[in-house]
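Visitor: First, the structure itself, so that you have it in front of you.
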Amino acid sequence: MAVAHDVVCGMDVNTESSPHAEHEAKDYYFCCDGCKGAFVKAPAYHLENWAEEHPGVEPTPVAA
Ligand SMILES: [Zn+2]
């Protein structure tokens, strides 16, 4: 398994059991469908917020 970061709420999520959405050829993972829905509506907004709050931290999982 791999761990990814939910860019909407900031939780660590397991890539095997979490909903995900593709954006610009990357897979993003979420704790719940609510966060996924928020991301799908405004992916750029959430990615910018993530980058501001977590400089240098890539939200997508490290390849296994
Ligand atoms: Zn979440």
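The values are calculated or read from the model by the stated rules, or taken from the named source; none is laboratory data. Only a predicted model underlies this, so the values are computations on that prediction, with no experimental measurement involved. When we count neighbours, we look across all protein chains shown, and the Cβ atoms used for this are built from the backbone with ideal geometry, even at glycine.
Visitor: What's the number of the only condition in (1) hydrophobic (A, V, I, L, M, F, W, C); (2) over 14 Å from PRO59 (Cα atoms); (3) within 9 Å of the ligand (Cβ to nearest atom) that VAL8 fails to meet?
Guide: (2)
Visitor: Which ones in segment 1-13 are at pLDDT 95 or above and either small (Gly, Ala, Ser) or over 10 Å from the mean Cα position of the chain (by Cα) (or both)?
Guide: Hits for segment 1-13 are ALA4, GLY10.
Visitor: Moving on. So, of the residues in segment 31-64 that are charged (D, E, K, R) and in contact with a strand residue (DSSP E or B) (Cβ under 9 Å, 6 or more places away or on another chain), which turns out to be surrounded by the fewest Cβ atoms within 10 Å (Cβ to Cβ)?
Guide: Checking each candidate, the answer is GLU58.
Visitor: What are the residues in segment 14-27 that are at pLDDT 95 or above and either within 11 Å of the ligand (Cβ to nearest atom) or touching a Ser or Thr at 6+ places or on another chain (Cβ under 6 Å) (or both), if any?
Guide: Residues satisfying the conditions are SER18, PRO19.
Visitor: List pairs: first in segment 43-57 and touching a residue at least 40 places away in the same chain (Cβ under 8 Å), second of a type in the set (A, V, I, L, M) and surrounded by 13 or more Cβ atoms within 10 Å (Cβ to Cβ), Cβ under 9 Å, 6+ apart or cross-chain?
Guide: These pairs meet every condition: LEU47/VAL7; ASN49/VAL7; ASN49/VAL8; TRP50/VAL7; TRP50/VAL8; HIS54/VAL7; VAL57/ALA51.
Visitor: Also, I was wondering about something else. Could you grab me the full set of residues in segment 48-63 that are of a type in the set (A, V, I, L, M, F, W, C) and away from the ligand (no atom under 14 Å from the Cβ)?
Guide: From segment 48-63, those of a type in the set (A, V, I, L, M, F, W, C) are 50-51, 57, 62-63; that's our starting set.
Matches in segment 48-63: ALA51, VAL57, VAL62, ALA63.
Visitor: Just one of ALA42, ALA64, ALA38 is hydrophobic (A, V, I, L, M, F, W, C) and modelled with pLDDT under 95; which is it?
Guide: ALA64
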